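Structure first, commentary second.
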Amino acid sequence: MAQTRDPDVTAQRLLTSSVRNSFDPDLDVDWEAPLAEGKYFMPPERMSLYGTRLWDGLSEEQRIELSKHEIASIMSVGLWFEIILIQMLARYAYDLDPRGAHAQYALTEIGDETRHSIMFARAAERLGVPKYGAPRIVHNAARLFKAVASGPSMFGSVLVAEETTDRLQRSMMDDENIQPLIRSVNRIHVVEEARHVRYAREEVSRTMPKLSKAGVRMHRTRTAVVSFAVVDSLVDSNIYRSVGIAPAEGRAAALANPHFHQTRRWMAEKIVPFLRDEGLIGGRSIALWHKAHLI
Ligand SMILES: [Fe+2]
Ligand SMILES: [Fe+2]
């Protein structure tokens, strides 16, 4: 179990770091720079169709085009989850003492996520892609989740969304084969997310021991369901249209693709052991983690 500190001490450290190391995507990303010719927008081996027969049928240009749409989908779904998170953090801060660093950091994080969402929105606009997002049913189910979620499953689900996408972004930010625009967006996000992860992990560690046995079961189920829904939504099936593949066909090939399963497990490799140690992954909920290819 992770060490739990006084929440105000950690938050004070995070506030100091936020003052020193925050970005303004309007100024810190070169939005006017031309896109680089012949460079991928995400690593091909992390793409959902990599290694399938559909992939073999694509030309190099088509693979690069698909990488643009796939990363745009992941950023757009990330943006959608950030809006959910902003609402959850606002509800969380509602009950805190605003004089404390813990409350002030929650408000600071809302500010970070607002800037990130604008950054991802501008990136999608710059790439000239269609509007991608979570499936309608997930989009609507999230209305309830963001209005009522609290406790370890709220912060646990946030961690799964943040740490899985972080793994992918981290792997790209120093990769010379990736488009410079995507690399700079990723770098900004990775730096600021590290603080969010610290804050949310401590919340999970602080609140898990307070749960009853029934509470543990409920929070495990909620975390598994939300994590499944978020990770499974990252790649919008409509991206496959960009290279002439029917959405249902592309989606079916991705879901049956062992490479893609491996990519999902790789994305979850950092957060899953933490949630297991904290007891937020366990019991019957584990079946769902396997089904999502996160374990
Ligand atoms: Fe973010
Ligand atoms: Fe975040």
* To do: Give the range 77-102 a look and list any residue that's more than 15 Å from ligand 1 (Cβ to nearest atom), closer than 23 Å to residue 23 by Cβ and touching a residue at least 60 places away in the same chain (Cβ under 8 Å), or say none.
  => 101
* Asked: Just one of 230, 191, 204 is among the aliphatic types (A, V, I, L, M), assigned to a helix (DSSP H, G or I), surrounded by 18 or more Cβ atoms within 10 Å (Cβ to Cβ) and within 16 Å of ligand 1 (Cβ to nearest atom); which is it?
  -> 230
* Residue in the range 239-248 that is surrounded by fewer than 18 Cβ atoms within 10 Å (Cβ to Cβ), among the hydrophobic types (A, V, I, L, M, F, W, C) and over 15 Å from residue 280 (Cβ atoms) present -> yes
* Asked: For the range 143-174, which residues satisfy the criterion of being within 15 Å of ligand 1 (Cβ to nearest atom), closer than 25 Å to residue 93 by Cβ and of a type in the set (A, V, I, L, M)?
  -> 158, 159, 160, 161
* Test: residue in the range 137-148 that is surrounded by 22 or more Cβ atoms within 10 Å (Cβ to Cβ) and either part of a helix (DSSP H, G or I) or away from ligand 2 (no atom under 16 Å from the Cβ) (or both) -> no
* Test residue 55 against the criterion of being more than 23 Å from residue 229 (Cα to Cα), assigned to a helix (DSSP H, G or I) and among the aromatic types (Phe, Trp, Tyr), and give yes or no. => yes
* Asked: Restricting attention to the range 236-249, does a residue exist that is more than 24 Å from residue 131 (Cβ to Cβ) and free of Cβ contacts under 8 Å to residues at least 12 places away in the same chain?
  -> no
* Scanning for something free of Cβ contacts under 8 Å to residues at least 40 places away in the same chain, under 22 Å from residue 82 (Cβ atoms) and small (Gly, Ala, Ser), does the range 186-196 turn up at least one residue? -> yes
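All of the numbers you see were taken from the coordinates with simple rules; none came from a lab. Source: prediction; values computed, not measured. Positions of Cβ are backbone-derived with ideal geometry, glycine not excepted, and every protein chain shown enters the neighbour counts.
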